[in-house]
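Worksheet: the structure to be examined is printed underneath.
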């Protein structure tokens with residue numbers, strides 16, 4: 001397969017529960033199925049996903065309530081969300097997948113792998129949330145200024161990525177989308193992103209790769225060890241000069257580690 | 001117009017550099033650094049003294065409300081204050097608890113019980129206020145998931161109304177309240193229940209609820225009547241669209257008021273305290289105002305697409321000199337005649353029949369507050385009381401146990 005040509009990205013809308021839940025997905029690539037679950041920043045087709053699509057068929061849904069996906073009201077908590085992702089995998093005809101999740105998406109991927117160990121063959125967690133240590137509290141992303149949030153997210157808060165992380169003040173549609181996206185993620189993790197994963201994570205059977213930015217100011221890298229120590233089989237890759245968005249801030253290093261793990 | 005002396009119960013001695021040194025008056029102002037319980041003991045006594053004075057001087061009602069971790073109002077339980085007032089208000093003014101923040105109570109039958117206790121204790125003088133509550137209180141201080149704010153409010157309201165109107169015991173199977181036996185002792189003295197007043201900052205859903213359930217609506221803003229024109233216009237348009245009459249007693253409005261012997265004296269006496277309020281008490285960062293999900297999809301879209309970004313910030317950044325505050329209607333201040341004229345103009349413009357008179361503002365000390373209350377009661381209230389009398393509107397949302405003063409003092 002050529003490494004220069006980007007695989008075409010398709011879009012799909014899947015309806016579940018008599019249309020009460022409508023899920024928008026980006027789908028691209030060929031090969032074994034892989035599902036990518038995004039974090040609170042939303043789904044965008046970035047070079048990391050493009051690289052995954054060179055080896056796998058990538059299914060990247062937008063979480064309910066974010067982007068063009070609808071149906072948040074049907075899902076009252078993390079347990080409902082896990083069942084929903086099982087329904088989505090069924091609707092896509094995917095019995096087993098590789099799962100890659102970033103931040104909140106990492107938490108959801110781990111929950112799915114814990115509840116349905118047989119459905120997840122390999123698990124990649126990029127700076128996931130879901131565990132909690134009182135001595136390393138994760139900051140409240142709703143209770144800080146946009147500028148402070150950027151500082152926590154990025155190794156280089158003045159770099160080229162920074163402007164993309166704050167919706168422009170004079171773009172009502174962008175502000176509305178950002179508010180809805182954040183509301184839909186917070187729906188599952190407010191006020192503290194500790195919803196019992198600690199009591200379930202031991203059930204995960206899939207070999208896992210844990211990727212973390214050494215300078216992650218939002219979810220400190222000490223959590224890499226918290227995840228690794230609870231999983232049966234887990235490798236940890238720490239990436240230097242890197243914050244909470246490793247696949248955007250250090251795409252080459254992340255791609256290399258993830259592709260080599262997924263095989 | 002019915003006049004209610006509404007007390008926020010602020011901290012009156014915040015440090016001079018408060019707004020430079022601290023992030024927010026609400027949610028995170030560090031208690032050990034800023035909140036001295038010995039001073040609060042003095043404040044609480046003053047607050048109750050001031051409310052009791054208003055009752056004796058003939059206000060139609062006295063009002064309390066609920067906020068949490070808030071330097072401009074730390075009445076975490078308004079019901080405790082209302083209970084104290086119920087026993088010490090021989091003037092029989094209405095006791096307006098505006099209100100209990102329903103989403104915070106699980107099970108919400110706690111509110112049905114405490115309000116019923118207050119109604120009985122006050123001999124039928126309770127106004128039962130049900131605000132949705134601010135994002136600061138509900139989401140940040142009490143940890144309620146933002147997207148659950150309104151569903152919890154609606155369910156709690158339904159449960160309380162049933163608890164007051166249906167014979168108990170009965171079963172309530174809600175999403176947030178599952179109760180096998182709902183059977184509060186006692187039920188309220190007022191039948192079928194105390195008058196219900198909603199309060200808020202202008203969400204369309206709340207107006208529609210007021211219309212369908214025949215509740216009053218009070219707009220609680222600190223930015224005065226001129227700024228409120230568009231919003232209250234929206235309220236009355238909603239009433240009209242839903243086939244509801246234009247009875248002014250359906251609407252309430254909160255206004256900061258400073259009365260003195262002359263306009264000049266008002267500035268000399270009150271400016272310092274009003275400036276304290278606008279500089280320190282409204283020192284709240286924008287991200288606390290609205291956790292994502294606090295508003296519904298529909299209201300978020302409405303708010304983002306109709307309010308110019310930076311409107312509130314621009315308002316907050318305005319000079320807080322006496323003229324600007326008066327010209328913009330943030331305060332209504334001056335001699336009794338000036339204040340009465342402007343209040344009549346405000347009431348006519350917004351079409352409200354219930355005035356929540358904010359007469360203790362910011363750092364205002366006890367003696368000046370009592371002067372403000374006294375001048376308002378003796379010289380302003382008689383001039384505004386009869387405003388809607390000629391139009392023949394009846395106040396259908398006033399507690400039966402509270403004395404109707406309209407006939408005697410008009």
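Figures for the structure shown
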quantity: Value of relative contact order over chain A, rounded to a whole percent, pairs C-alpha under 8 Å and six or more apart; calculated: 19 percent
quantity: Antiparallel %, DSSP beta bridges [both residues in the protein assembly as shown], to 5; calculated: 25 percent
quantity: Between region B:130-157 and region A:144-171, the Cα center-to-center distance that results, in Å; calculated: 29 Å
quantity: Chain B: relative contact order as a whole-number percent, Cα under 8 Å and 6+ apart; calculated: 23 percent
quantity: Average other protein chain Cβ within 10 Å of Cβ, residues B:201-207; calculated: 0
quantity: Residue order, fewest to most surrounding Cβ atoms within 10 angstrom, among A:181, B:298, B:383; calculated: B:298, B:383, A:181
quantity: Antiparallel %, DSSP beta bridges [both residues in chain B], to 5; calculated: 10 percent
quantity: Residue mean of other protein chain beta carbons inside 10 Å, B:285-291; calculated: 4
quantity: Average partner coverage of A:177-189, which counts Cβ from other chains inside 10 Å; calculated: 4
quantity: Cα gyration tensor shape for the protein assembly as shown, rounded if a/c is under 1.5, else prolate or oblate; calculated: prolate
quantity: Cβ-Cβ FRET estimate between residue B:327 and residue A:80, R0 fixed at 45 Å, reported to 0.05; calculated: 0.30
quantity: Segments A:58-68, A:77-87 sorted - mean Cβ within 10 Å per residue, highest first; calculated: A:58-68, A:77-87
quantity: Label-point gap, in nm, between residue A:194 and residue B:158 - each point 7 angstrom along Cα→Cβ; calculated: 3.3 nm
quantity: 18 Å cut-off, amide nitrogen to a point 7 angstrom out along residue A:87 Cα→Cβ, residues in region A:16-55; calculated: A:16-25
quantity: Cα gyration tensor category, rounded, prolate or oblate, for chain B with a/c compared to 1.5; calculated: rounded
quantity: Residue among A:169, A:236, A:150 with the largest mean-square fluctuation in a Gaussian network model of chain A, springs linking Cα atoms under 10 Å; calculated: A:169
quantity: GNM top mover of B:361, B:244, B:400 - chain B, alpha-carbon springs below 10 Å; calculated: B:244
quantity: Relative contact order of region B:1-130, defined on C-alpha pairs under 8 angstrom at six or more residues apart (%); calculated: 26 percent
quantity: Two-site label geometry, residue B:341 and residue A:96: point separation in nm, points 7 Å out along Cα→Cβ; calculated: 8.6 nm
quantity: Residue B:229 paired with residue B:76, simple spin-label distance in nm, labels 7 Å along Cα-to-beta-carbon; calculated: 4.3 nm
quantity: Helical mean residue ellipticity (222 nm; -39500 (n - 2.57) per DSSP H run of 4+; nearest 500) of chain B; calculated: -12000 deg cm²/dmol
quantity: Highest average packing first - A:25-37, B:21-33, Cβ atoms within 10 Å; calculated: A:25-37, B:21-33
quantity: Anisotropy class of chain A from Cα gyration tensor, a/c 1.5 cut; calculated: rounded
quantity: Efficiency of FRET from Cβ geometry, residue A:30 and residue A:203, R₀ 22 Å, rounded to 0.05; calculated: 0.10
quantity: Förster-model FRET efficiency, 51 Å R0, residue B:21 and residue A:240, C-beta, rounded to 0.05; calculated: 0.90
quantity: Protection proxy ranking of A:201-211, B:53-63 - average other beta-carbon atoms within 10 Å, highest first; calculated: B:53-63, A:201-211
quantity: Structure-based [θ]222 nm, chain A - -39500 (n - 2.57) summed over DSSP H runs of at least 4, per residue, nearest 500; calculated: -9500 deg cm²/dmol
quantity: Highest-MSF residue in chain B out of B:288, B:376, B:235 [GNM, Cα springs under 10 Å]; calculated: B:288
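Read-outs: derived from the displayed coordinates by stated rules, not from any lab. For clarity, every value in this text was computed on a predicted model and none was experimentally measured. Reconstructed Cβ throughout: ideal geometry from the backbone, glycine too, with neighbour counts over all protein chains shown.
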